[in-house]
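To start, the structure under review is shown below, and the notes come after it.
Rule-based calculations on the coordinates, nothing more; no lab input. What you see is a predicted model, and the numbers here were worked out from it, not measured in a lab. Reconstructed Cβ throughout: ideal geometry from the backbone, glycine too, with neighbour counts over all protein chains shown.
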Amino acid sequence: MSKILIIEDDLSIGEMMSIYLYEDGYEVKRAENGRQGEVLFRDFQPDMIILDLMLPDMDGIQLCTTIRQTSSIPILMVSAKNEVSDRVKGLQTGADDYLCKPFSMRELSARIQALFRRSNAYPSLAQSPSDVLDPLGIHLDLEKRCLYVNGRNIETTFSEYEIMKLFWQNQGRVYSREELLNRVRGFDSQVTERAIDVHIANLRKKIEDDPKEPKHVKTVWGVGYKFLL
């Protein structure tokens, strides 16, 4: 049974989500503020977090940043703020999806299923010569879902890893922003293709010697992106 932690200060919305997801078959725990959420994150060890952007004791962005320092589990951010700038900020911080209030419980359930499905739908490939760890380069361990750069384990968000995995398994192939968005977030996301540019920029910071002059994640002008070792 998958475990979901809800960090939401609105009692009615939090209770509604808890009941609905429990009936969907998830093990659910709910925190009403950021500090309680931090404690439950450590003790409950959830498989996914639903995080409200506005909490009474701390900013949801701040909490998302803290969680991302130690974990890459999927984070679904929810908020009444629906400006593009707010959604982009949430994604830049490390959220994997952004759902604007008010939303239906059916849409919430669909987003959660999509995030879980994308984390499990692509089985690890048998190890090939290109999977052998190169201590002086980039390596993706498909079994452990880990990214290594020059022998160091690099923390990635769920979305960053999925993009990197697609690149790794299809080196040299050019992907449009729409294709990457569909792979990472699904067809029903309200987030624009600008989100992909944010993830690409974050990946470049993590794997490139000079993110401004990338050697691996290359822009194909007018089309999208491709990956080269």
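When the helices in the chain are scored as -39500 (n - 2.57) per DSSP H run of 4 or longer and the sum is shared across all residues, what 222 nm value do you end up with, to the nearest 500 deg cm²/dmol? Don't jump to the answer; show the numbers that get you there.
On the way: 8 runs with 94 residues, N = 229.
After summing the helix terms and dividing by the residues of the chain, the value is -12500 deg cm²/dmol.
For Val39, what is the net charge nearby, where nearby means another residue's Cβ is under 12 Å from its Cβ and Lys, Arg count +1, Asp, Glu -1? Provide the component values of the computation, followed by the final result.
Details: positive: Lys29, Arg35, Arg42; negative: Glu32, Glu38, Asp43.
Every neighbour counted, the sum reads 0.
How big is the chain along each principal axis, measuring the range of its Cα positions in Å and listing the largest first?
Its Cα atoms span 51, 35, 29 Å along the three principal axes.
Quick one: if the Förster radius is 30 Å, what FRET efficiency do Phe116 and Asp209 give, using the C-beta to C-beta distance and rounding to 0.05?
0.30
Measure up Lys144/Lys206; Lys144/Lys205; Lys144/Lys212; Lys81/Lys212; Lys144/Lys226 against 26 Å on the Cα-Cα distance and list the ones that go over.
On the way: Lys144/Lys206 18 Å; Lys144/Lys205 22 Å; Lys144/Lys212 29 Å; Lys81/Lys212 31 Å; Lys144/Lys226 23 Å.
Too far apart for the 26 Å limit: Lys144/Lys212; Lys81/Lys212.
Extending each Cα 7 Å along its Cβ direction at Asn82 and Met105, get the distance between those two points in nm, one decimal.
Calculated label separation equals 2.1 nm.
Which residue, chosen from Thr93, Phe103, Ser176, occupies the Cα position most advanced towards the positive end of the dipole of the chain, where the dipole is computed from +1 (Lys, Arg) and -1 (Asp, Glu) charges on Cβ about the Cα centre?
Positive-end residue among those listed: Ser176.
What ranking, highest mean first, results for peptides 30-39, 207-216 when packing means the other Cβ atoms within 10 Å averaged over each residue?
Going by the mean number of other Cβ atoms within 10 Å, highest first, we get 30-39, 207-216.
If the chain between Glu179 and Glu23 were fully stretched, how many nm would it gain, using 0.36 nm times the residue separation less the Cα-Cα distance?
Going from the current span to full extension adds 52.9 nm.
Given the options Gly151, Ser71, Leu40, identify the residue whose Cα lies farthest towards the positive end of the charge dipole of the chain (+1 on Cβ of Lys, Arg; -1 on Cβ of Asp, Glu).
Positive-most Cα among the choices belongs to Gly151.
Sequence gap at least 6, Cα distance under 8 Å: using those rules, report the relative contact order of the chain to the nearest whole percent. Please list the in-between numbers first.
Working: 351 pairs, mean separation 32.8, N = 229.
Relative contact order for the chain comes out at 14 percent.
To make sure I understand the rule: partners must be aspartates and glutamates, Cα under 18 Å from the Cα of Lys89, and not fewer than 8 residues away in the same chain. Which ones qualify?
Asp52, Asp59, Asp97, Glu160, Glu193, Asp197
Taking the Cα centre of the range 3-120 as origin, work out the dipole magnitude from +1 charges on Lys and Arg Cβ and -1 charges on Asp and Glu Cβ, in debye rounded to 20.
Working: 14 positive and 19 negative charges, 83 e Å.
Using only the charged Cβ atoms, the result is roughly 400 debye.
To the nearest 20 debye, what charge dipole does the chain have about its Cα centre, counting +1 at the Cβ of each Lys and Arg and -1 at the Cβ of each Asp and Glu? Working shown, then result.
Working: 30 positive and 35 negative charges, 147 e Å.
It works out to roughly 700 debye.
Measuring from label point to label point, each 7 Å out along Cα→Cβ, what is the Ala201 to Glu143 span in nm?
In this crude label model, Ala201 to Glu143 measures out at 3.7 nm.
Per-residue counts of other Cβ atoms within 10 Å, averaged by peptide: what ranking do you get for 7-17, 92-102, highest first?
On the way: 7-17: 17.2, 92-102: 21.1.
Those peptides, ordered most packed to least, come out 92-102, 7-17.
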